[in-house]
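Here the structure is laid out as structure tokens; the discussion comes afterwards.
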Amino acid sequence: MLSMAGKVAIVTGAGSVGPGWGNGKATATLLARQGASVFLVDINMDAVNETRGIIEGEGGTCAVHRADMTVAAEVAEMVQACIDRFKRVDVLVNNVGGSAPGDPVSMTEEVWDRQIDFNLKTAFLGCKYVLPIMVAQGKGAIVNLSSVAGLRNDFSSGRVHVAYAASKAGVIQLSRSTAGAYAKKGVRVNTVVPGLMHTPLVETRLAKTVAGNDVAALLAARNAVVPMGRMGDAWDIAHAVLFLASDEARYITGTEIIVDGGITAAMP
Ligand SMILES: NC(=O)c1ccc[n+]([C@@H]2O[C@H](COP(=O)([O-])OP(=O)(O)OC[C@H]3O[C@@H](n4cnc5c(N)ncnc54)[C@H](O)[C@@H]3O)[C@@H](O)[C@H]2O)c1
């Protein structure tokens, strides 16, 4: 079940912004545990080399590549480097992304543009350069990472991040519409929609931007809004990505798996 033996998987953002397990790092490690050769892509070589060390320490197969996923030429070069190294691309996980606070008045145009590039253009560029390879192979699976912020709003939190919400909603429709365009060509495109996850992002970035460095209060507040009573973690995301990338999901395309402990179901 869920074997990735013989498959080659590109995971973007395969490092982590802080110590512990981010979604890309856990996904890359899980795909390697299931037998995939994993092409680890990140803008930060220290972060991605840590993931490489973990996978190689477990006896898995991987290679690292530095690329800024917002820059087309670097994405094209990255995909070619994967082909040079592993000869094919069976799975692409577009995991790069993250939020910046602000509403249309408080957010600068530059932050808006960077958010759209960071969350939406990165997935577009990954698809752009991998799809022709998957079509030539006659088979492939793409999994894009969205967020529950792309599905619903939690006005009671006081947290506003309009560009993140808009770009993560865009990721869902990018996936669905691309899935339709490639359904007869053997390529499946799906989205994993994480809820409130306890990844290094929480302590490293959110504690500063939304909680005035009060980590304990931030963790308690995030746990409290989840019907299951706690945040998920990066492995919850990794398992959903693995399933959508696997041959067991062969009849699934153009849809989403929401991994949120019940948050979306609880919204009015
Ligand atoms: N952590 C959460 O609670 C949460 C919730 C909902 C959605 N998500 C989504 O999950 C995805 C992963 O989030 P995370 O918190 O696990 O990751 P993260 O913030 O830990 O980042 C993963 C890696 O991405 C790399 N990266 C950043 N910009 C890059 C670029 N331009 N090109 C290449 N690599 C780049 C970083 O160096 C880092 O190593 C994101 O799309 C995020 O929006 C996360």
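Within this structure, Thr51 fails the test of being part of a loop (DSSP other than H, G, I, E, B), in contact with a Leu (Cβ under 8 Å, 6 or more places away or on another chain) and either surrounded by fewer than 18 Cβ atoms within 10 Å (Cβ to Cβ) or without any contact (Cβ under 8 Å) to a residue 60 or more places away in the chain (or both). The set of residues in the range 93-133 being hydrophobic (A, V, I, L, M, F, W, C), within 20 Å of Gly195 (Cα to Cα) and assigned to a loop (DSSP other than H, G, I, E, B) consists of Val96, Ala100. For the range 202-216, the criterion of being over 17 Å from Leu131 (Cα atoms), loosely packed, with under 15 Cβ neighbours inside 10 Å and of a type in the set (A, V, I, L, M, F, W, C) is met by at least one residue. For the range 134-185, a residue qualifies if it is among the hydroxyl-bearing types (Ser, Thr, Tyr) and part of a helix (DSSP H, G or I), and the qualifying residues are Ser156, Ser157, Tyr164, Ser167, Ser175, Ser177, Thr178, Tyr182. Name the residues in the range 54-92 that are part of a loop (DSSP other than H, G, I, E, B) and not polar (S, T, N, Q), would you? Result: Glu58, Gly59, Gly60, Ala67, Asp68, Met69, Val71, Lys87, Arg88, Val89, Asp90. Only residues that are within 7 Å of the ligand (Cβ to nearest atom) and within 13 Å of Ser246 (Cβ to Cβ) were counted across the range 139-154, and they come to 0. Has the range 214-230 got any residue that is within 18 Å of the chain's Cα centre (by Cα) and hydrophobic (A, V, I, L, M, F, W, C)? So far as the range 214-230 goes, no, none of its residues is within 18 Å of the chain's Cα centre (by Cα) and hydrophobic (A, V, I, L, M, F, W, C).
Residue count for the range 95-119 under the criterion of being surrounded by fewer than 24 Cβ atoms within 10 Å (Cβ to Cβ) and within 16 Å of Ala72 (Cα to Cα): the result is 5. For beta carbons closer than 7 Å, sequence separation of 6+ or different chains, a first residue in the range 1-17 that is surrounded by 18 or more Cβ atoms within 10 Å (Cβ to Cβ) and a second that is acidic (Asp, Glu), the qualifying pairs are Lys7/Asp90; Val8/Asp90; Ala9/Asp90; Gly13/Asp42; Ala14/Asp42; Gly15/Asp42; Gly15/Glu50. Number of residues in the range 182-213 that are in contact with a strand residue (DSSP E or B) (Cβ under 8 Å, 6 or more places away or on another chain) and within 13 Å of the ligand (Cβ to nearest atom) equals 8.
Looking across the range 70-124, the residues that are without any contact (Cβ under 8 Å) to a residue 60 or more places away in the chain, among the hydrophobic types (A, V, I, L, M, F, W, C) and closer than 18 Å to Val189 by Cα come down to Leu120, Ala123, Phe124. In the set (1) out of contact with any His (no Cβ under 9 Å at 6 or more places or on another chain); (2) more than 12 Å from the ligand (Cβ to nearest atom); (3) at pLDDT 95 or above, Trp235 fails one condition alone, (2).
Of the residues making up the range 169-181, none is among the polar types (S, T, N, Q), surrounded by fewer than 21 Cβ atoms within 10 Å (Cβ to Cβ), more than 11 Å from the ligand (Cβ to nearest atom) and farther than 24 Å from Leu125 by Cα.
Restricting to the range 222-246, name every residue that is free of Cβ contacts under 8 Å to residues at least 60 places away in the same chain and either under 22 Å from Thr191 (Cα atoms) or not charged (D, E, K, R) (or both). Matches in the range 222-246: Asn223, Ala224, Val226, Pro227, Met228, Gly229, Met231, Gly232, Asp236, Ala240.
The values are calculated or read from the model by the stated rules, or taken from the named source; none is laboratory data. Quick caveat, the model's predicted, so the values are computed rather than measured. Note: ideal-geometry Cβ built from the backbone for every residue, glycine included; neighbour counts use all protein chains shown.
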